[in-house]
Amino acid sequence: MSKNTLNVIAEELPVDTGVKKVDRRRLADVLNQSLAGTYVLYAKTHAFHWNVAGPQFYGIHKLTDEQYQDLAAAIDQIAERVRAIGFPAMSGLANYVAASPVADVDVSTMPDAQDMVGQLAADHQTMAAKLRKAVSVAEQADDVYTADLLTARIGVHEEAAWMLNSIVAQ
């Protein structure tokens, strides 16, 4: 093993799959924004999973468990797609929070269960709306794989929002 093997930094890679470099760069930008939103939503869902209390504890705890596990898998899929189209995946918690359309949770003012569920429902709807715009970018670049990946994520976010909104429905 060369002594330089561990000194490699993830940089732009040469990719020639029929999608122009300028389009791949734009796709990497929207994918990294999606990654940021997914990462913040993952962290928020996990925090609410740990801190939910009250009569609906068990149901919310179980639902958020399923949701944060799905979000964790999505983080990996999105980041690996950024790499597959030739660009570095965003990293760093501060970068995720800054680029995310989803607001981070303030643990000093942890909401009650009703507000937790309402926030998560709204956050999933926000992500679905953002991903619709990202799908449009992928379609314009003729990157059907990225469009399919993001389209599938829209469905997951819409279903999550429906389930969460059903809990707080009056």
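The values are calculated or read from the model by the stated rules, or taken from the named source; none is laboratory data. Computed from a prediction, not measured in an experiment: that's the story for all the values here. Here Cβ is always computed from backbone atoms with ideal geometry, including for glycine, and neighbour counts include all displayed protein chains.
Could we say that VAL52 is over 18 Å from THR151 (Cβ atoms) and either in contact with a His (Cβ under 6 Å, 6 or more places away or on another chain) or surrounded by 18 or more Cβ atoms within 10 Å (Cβ to Cβ) (or both) here?
yes
Scanning for something at pLDDT 90 or above, outside any helix (DSSP H, G or I) and surrounded by 16 or more Cβ atoms within 10 Å (Cβ to Cβ), does the stretch 35-44 turn up at least one residue?
Within the stretch 35-44, none of the residues are at pLDDT 90 or above, outside any helix (DSSP H, G or I) and surrounded by 16 or more Cβ atoms within 10 Å (Cβ to Cβ).
Name the residues in the stretch 119-162 that are under 20 Å from ASN51 (Cβ atoms) and surrounded by fewer than 16 Cβ atoms within 10 Å (Cβ to Cβ), would you?
Across the stretch 119-162, the qualifying residue is only ALA122.
Taking the stated definitions as given, is GLU139 over 14 Å from SER34 (Cα atoms) and at pLDDT 95 or above?
yes
List every residue pair whose Cβ atoms sit under 7 Å apart, with the two residues 6 or more apart in sequence or on different chains, where the first one lies in the stretch 94-114 and is surrounded by 15 or more Cβ atoms within 10 Å (Cβ to Cβ) and the second, anywhere, is among the aliphatic types (A, V, I, L, M) and not in a helix (DSSP H, G or I).
TYR96/MET90; ALA99/MET90; ALA113/VAL52; ALA113/ALA53
When the stretch 120-170 is examined, which residues are found to be under 19 Å from ILE85 (Cα atoms) and of a type in the set (Val, Ile, Thr)?
VAL135, VAL137, VAL144, THR146, THR151, listed by residue number.
Note down all Cβ pairs under 8 Å where the first residue falls in the stretch 11-24 and is hydrophobic (A, V, I, L, M, F, W, C), the second is modelled with pLDDT of 70 or more and in a loop (DSSP other than H, G, I, E, B), and they're at least six residues apart or on different chains.
Cβ pairs passing all conditions: LEU13/GLY86; LEU13/PHE87; VAL15/ILE85; VAL15/GLY86; VAL19/ILE85; VAL19/ALA141; VAL19/ASP142; VAL19/ASP143.
Can you list residue pairs whose Cβ atoms sit under 7 Å apart, with the first residue in the stretch 148-168 being of a type in the set (Lys, Arg) and the second being surrounded by 14 or more Cβ atoms within 10 Å (Cβ to Cβ)? Count only pairs 6 or more apart in sequence or on different chains.
ARG153/ALA74; ARG153/LEU131
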